[in-house]
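Here's the structure, in structure tokens; my notes come after.
The values are calculated or read from the model by the stated rules, or taken from the named source; none is laboratory data. Quick caveat: nothing in here was measured; it's all calculated off a predicted structure. Every residue, glycine as well, gets a Cβ built from its backbone with ideal geometry; the counts of neighbours run over all protein chains shown.
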Amino acid sequence: MIKIFITWLVLIGSACLRAADPTELSFGIISTESAVGLKQGFDPFLEKISAQLGIRIRGYYASDYTGVIEAMRFGKVHVAWMGNQAAMHAVDRAGAEIIAQTTSADGSSGYASVIIVHEKSSYRDIAALLADAGKLSFGNGDPLSTTGNLVPSFYLWAPRGIDPRRAFKRVRSANHEVNALAVVSGQVDCATNNTDSLRRLGVKHPAAAAKIRVVWTSPDVATDPIVCRRDLSRELKTRLQAALLAFGRLGADAAEERAMLARVSDGWGPFLAADNRLLLPFRHFEVERDRLILQQDERLPAPEKEKRLTAVAARQRKLEKFETLETFWNRGKENP
């Protein structure tokens with residue numbers, strides 16, 4: 001009798017969890033190119049995933065990263081593709097968690113940030129370009145873009161004590177496609193971009209891509225995550241993650257699905273399993289970037305600078321403590 005009662009409670013609890021899930025999912029999509037271009041790639045992919053899950057998934061196309069994060073925060077978006085920097089804000093402020101990682105069309109899980117100029121530009125390296133920054137217009141990425149903002153800030157601007165907003169004659173922010181085409185048309189002299197977006201540009205606009213020169217390339221960083229709301233039931237999150245990981249890998253339609261992924265955004269390959277630990281390197285980027293900027297800021301009063309540096313150091317210790325706990329927890333797992 002007790003066993004039957006416990007079984008009944010488990011069934012009721014599971015039903016409640018399922019009932020709490022939305023009957024339709026909204027998939028947030030970051031604006032790396034025009035909404036029309038994104039829809040052409042994403043809509044077939046979302047339709048196929050919807051059929052596999054038995055739940056309709058519709059695309060939510062926002063004009064910037066903040067739009068997707070805020071929509072997730074208020075429950076208007078349940079799943080989303082976004083850059084690693086945006087994902088940090090989604091995890092911290094919008095109740096998100098990572099369930100998968102995208103790969104590039106060639107299957108690689110890394111890509112690089114770049115600074116680009118027109119092929120006819122006299123600048124062939126970053127040193128010469130920075131020497132003349134005060135004369136040039138610059139196309140920066142979205143403030144929450146990983147390769148359009150965070151990565152160049154960490155690897156390029158902060159170590160040199162440069163604030164692009166002050167260093168360049170004029171600065172405008174846009175997505176990768178807009179920035180690339182602005183360089184080609186002469187609207188800006190230089191801009192941020194990334195290797196995947198440039199490869200995609202070569203497919204969509206080969207003539208424009210041929211007019212671009214890369215003058216700086218960062219080390220590779222991890223490709224973007226897929227995040228979902230933490231308050232989705234465990235069952236639904238597991239089913240969603242399983243569908244993503246199998247897409248383009250398993251079943252009779254695997255080849256067709258890989259072709260679908262190749263048409264999404266900058267061109268994707270099959271997904272990889274991932275969790276919030278994917279963001280750790282980028283959290284270190286943020287901390288170190290902020291420390292370098294503060295150390296080189298000569299306008300801040302000494303007491304205020306010390307106060308802010310202390311806060312940055314506290315963030316660094318928190319990250320190091322987490323990594324120590326992870327190391328302890330996982331010790332011996334690789335070599336049992």
Pairing a residue in segment 140-167 that is not assigned by TED's automatic domain parsing to the domain that holds I69 with any residue that is basic (K, R) and outside any helix (DSSP H, G or I), where Cβ atoms lie under 8 Å and the two sit 6 or more apart in sequence or on different chains, gives N140/R172
Among residues of segment 244-297, those that are touching a strand residue (DSSP E or B) at 6+ places or on another chain (Cβ under 6 Å) and either on the phi > 0 side of the Ramachandran plot or surrounded by 19 or more Cβ atoms within 10 Å (Cβ to Cβ) (or both), counted: 8
Within segment 172-191, the residues that are farther than 19 Å from Y65 by Cα and not hydroxyl-bearing (S, T, Y) are L181, A182, V183, V184, G186, Q187, V188, D189, C190
Conditions (1) at pLDDT 90 or above; (2) surrounded by 19 or more Cβ atoms within 10 Å (Cβ to Cβ); (3) among the charged types (D, E, K, R) -> E33 fails only (1)
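Would you point out which residue out of F285, F271 is of a type in the set (F, W, Y) and either more than 25 Å from the chain's Cα centre (by Cα) or assigned to a helix (DSSP H, G or I) (or both)?
Numbers: F271 fails: either more than 25 Å from the chain's Cα centre (by Cα) or assigned to a helix (DSSP H, G or I) (or both).
Going through F285, F271 in turn, the sole match is F285.
Scan segment 179-207 for residues that are in a helix (DSSP H, G or I), over 15 Å from S121 (Cβ atoms) and touching a residue at least 24 places away in the same chain (Cβ under 8 Å) and report the count.
Taking segment 179-207 first, the residues in a helix (DSSP H, G or I) are 179-185, 195-204, 206-207.
Now restrict to residues that are over 15 Å from S121 (Cβ atoms): 181, 195-204, 206-207.
This time we only want the ones that are touching a residue at least 24 places away in the same chain (Cβ under 8 Å), so: 181, 195-201, 203-204.
Final tally of qualifying residues: 10.
Hey, can you tell me all the residues within segment 80-117 that are assigned to a strand (DSSP E or B) and β-branched (V, I, T)?
Step one: list which residues in segment 80-117 are assigned to a strand (DSSP E or B), which gives 80-81, 96-104, 110-111, 113-117.
Answer for segment 80-117, where residues must be assigned to a strand (DSSP E or B) and β-branched (V, I, T): I98, I99, T102, T103, V114, I115, I116, V117.
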Restricting the search to segment 118-132, which residues are closer than 10 Å to V215 by Cβ and part of a loop (DSSP other than H, G, I, E, B)? S121, Y123, R124, D125
Does any residue of segment 211-234 turn out to be of a type in the set (F, W, Y), out of contact with any Gly (no Cβ under 9 Å at 6 or more places or on another chain) and farther than 26 Å from I69 by Cα? yes
For segment 153-180, how many residues meet the condition of being within 15 Å of the chain's Cα centre (by Cα) and surrounded by 24 or more Cβ atoms within 10 Å (Cβ to Cβ)? 1
Scan segment 259-267 and give yes if some residue there is of a type outside the set (S, T, Y) and touching an Asp or Glu at 6+ places or on another chain (Cβ under 8 Å), otherwise no. yes
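Please determine, by comparing only the residues of segment 208-244 that are assigned to a helix (DSSP H, G or I) and not assigned by TED's automatic domain parsing to the domain that holds H78, which one is farthest from the chain's Cα centre (by Cα).
Restricting attention to segment 208-244, the residues satisfying the condition of being assigned to a helix (DSSP H, G or I) are 208-209, 234-244.
Still in the running and not assigned by TED's automatic domain parsing to the domain that holds H78: 208-209.
Working: A208: 25, A209: 23 Å.
Filtering first and then ranking leaves A208.
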